[in-house]
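Below is one structure, written out as structure tokens, with a few remarks after it.
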Amino acid sequence: MAAVLGPSGWWQRWRRRLSARDWSRMLLLLLLLGSGQGPQQVGAGQTFEYLKREHSLSKPYQGVGTGGSSLWNLMGNAMVMTQYIRLTPDMQSKQGALWNRVPCFLRDWELQVHFKIHGQGKKNLHGDGLAIWYTKDRMQPGPVFGNMDKFVGLGVFIDTYPNEEKQQEAQKRRYSPGVQRVFPYVSAMVNNGSLSYDHERDGRPTELGGCTAIVRNLHYDTFLVIRYVKRHLTIMMDIDGKHEWRDCIEVPGVRLPRGYYFGTSSITGDLSDNHDVISLKLFELTVERTPEEEKLHRDVFLPSVDNMKLPEMTAPLPPLSGLALFLIVFFSLVFSVFAIVIGIILYNKWQEQSRKRFY
């Protein structure tokens, strides 16, 4: 008659049958499940993607506020609602922004943006759109979709109002079919702080690429994804309700420094819309690199794009020390006194010569 094994006996017998490989696999699975991060295949040359919670935002929007413990800060007219964060309401002359407080030091990443743009305006009577940022500076209000002009980093714009087209109509001119853009329009721009966003031309002179994206007043979810892998920038859209990514922009040779901040902003003028952000999810992409690629993909300190000439930034002069400032002032005074004395001597000699001519 076989002996009856208790719970501990069955465990000891089953544990001896497991190999070291089985134990390592089980440990890896438990770690992934415990962290709430699941591995996924994300394409050729890429291994896993991991959700980075410090750079992500979703309902119920915990960690949004103005306190020191907040991961996200609101600015301007932005407000937290139960189902979304509203950057701007459907009212004139509003602007708002949402900025991550934690700088991102990932080399390869993917940002998925779940957003909604809707309002009462009909047929080009709405504006102006929203932007997604990866920039050196944060919380800087300005005219570029609610953010500062001459920013340093990457800007992705969902522009809903065709300023340039309206100016062309006012001047009775037309674009050729191959040049005219259909709005709403998505574009991207990399800036090293030397370029201004041209509102009158909807950013056309500085855009890296773009595509039409009909995103207003839709009854299903709309998404945008920004992927940055091995200096390769890809922007895709899911706005047709089919749960499929559609290519929009693809630019190789984009060099973005690490340590910048993610954010999103919006602005309204005479025309308006509700600009809502439902979620922001950032994934770290684990990518294999050859030794040659490691040399090519070293860290950079200013944003740039290969084969695209950005104006050089003039480096600001370093501030003068107290001693240097004192010496400059001192020698300036000495030179001034010396010049005055020489001037007086020359003036007296001139007067003497004038008197001699009269006698």
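Could you list, in sequence order, all residues of the range 231-264 that are surrounded by fewer than 18 Cβ atoms within 10 Å (Cβ to Cβ), touching a residue at least 60 places away in the same chain (Cβ under 8 Å) and among the basic types (Lys, Arg)?
258
Only one of (1) part of a strand (DSSP E or B); (2) more than 25 Å from residue 138 (Cβ to Cβ); (3) not polar (S, T, N, Q) fails for residue 293. Which number is that?
Unmet for residue 293, out of (1) part of a strand (DSSP E or B); (2) more than 25 Å from residue 138 (Cβ to Cβ); (3) not polar (S, T, N, Q): (1).
Take the range 273-290 and flag every residue that is part of a loop (DSSP other than H, G, I, E, B) and β-branched (Val, Ile, Thr).
Listed by number, the list holds a single entry, 290.
Restricting attention to the range 67-90, report how many residues are open to solvent by 40 Å² or more (accessible area, probe 1.4 Å), out of contact with any Ser or Thr (no Cβ under 6 Å at 6 or more places or on another chain) and over 13 Å from residue 141 (Cα atoms).
Qualifying residue count, the range 67-90: 9.
Here are some conditions: (1) on the phi > 0 side of the Ramachandran plot; (2) in contact with a helix residue (DSSP H, G or I) (Cβ under 7 Å, 6 or more places away or on another chain). Residue 63 meets all but one. Which one does it not meet?
(2)
The values are calculated or read from the model by the stated rules, or taken from the named source; none is laboratory data. In this text, all values refer to a predicted model and were calculated from it rather than measured experimentally. All Cβ positions, glycine included, derive from the backbone under ideal geometry; neighbour counts span all protein chains shown. In case anyone asks, the SASA skips ligands and DNA or RNA and just uses the protein heavy atoms, side chains included. Shrake-Rupley method; radii C 1.70, N 1.55, O 1.52, S 1.80 Å.
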